[in-house]
Amino acid sequence: MVPIKIDQQTWRMTLSPVTEHSAATAERAYAHFAAKLSFETDPADVAGAMSDGEVDFILIDTRKQGHYTKSHLPGAINVPQTGITAQWLAQLPADKLLITYCWGPACNGSTKAAMKIAALGRPVKELIGGFQYWVREGWPTEGKRPLDARVAAPASTDLGLFA
């Protein structure tokens, strides 16, 4: 309810939480969503590119080494965000987009890594949902406890990969 005062009386106009604030113009919405997509990608897009053989990016797993060894995204390299330096970055092909990921939405290691990579002058995106959402969507992993492609697991199941 939005109160509106008119001649000392308060009238209440009922709006839903969805329509309480006006939507942006189409032009502003386009600019917003285009900008958002320039910072992030999702598991389905990454897996699709891998499946199509269009791997024009490098996946960077920012979790601890032990977790990476247990299971990680196919082809990912491991470096915690504290290990990202100009010297380390210089070893990576300059023509590849870098994509960082961590455990999931509650982990900001990939955000910190992406910020460092950007500060060092390289294009970078973050994987939405990280390892957790990759596994939830059933995409394959590599490591000591790999998952086969499209092994659907309930969202509440961690398959022993999150310990």
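The values are calculated or read from the model by the stated rules, or taken from the named source; none is laboratory data. As the structure is a computational prediction, the values presented were derived from the model and not from experiment. All Cβ positions, even for glycine, are placed from backbone atoms using ideal geometry, and neighbour counts span all protein chains on display.
Observations on the structure shown:
- One residue from His21, His32 being part of a loop (DSSP other than H, G, I, E, B) and at negative phi: His21
- Total residues in region 86-114, condition exposed (fewer than 12 other Cβ atoms within 10 Å of the Cβ) and either in a loop (DSSP other than H, G, I, E, B) or in contact with an Asp or Glu (Cβ under 8 Å, 6 or more places away or on another chain) (or both): 6
- When residues of region 16-34 are limited to those that are of a type in the set (A, V, I, L, M, F, W, C) and farther than 19 Å from Lys125 by Cα, the one modelled with the lowest pLDDT: Val18
- The residues of region 38-68 that are in a helix (DSSP H, G or I), out of contact with any strand residue (DSSP E or B) (no Cβ under 7 Å at 6 or more places or on another chain) and loosely packed, with under 13 Cβ neighbours inside 10 Å, listed by number, are Gly48, Ser51, Gly66.
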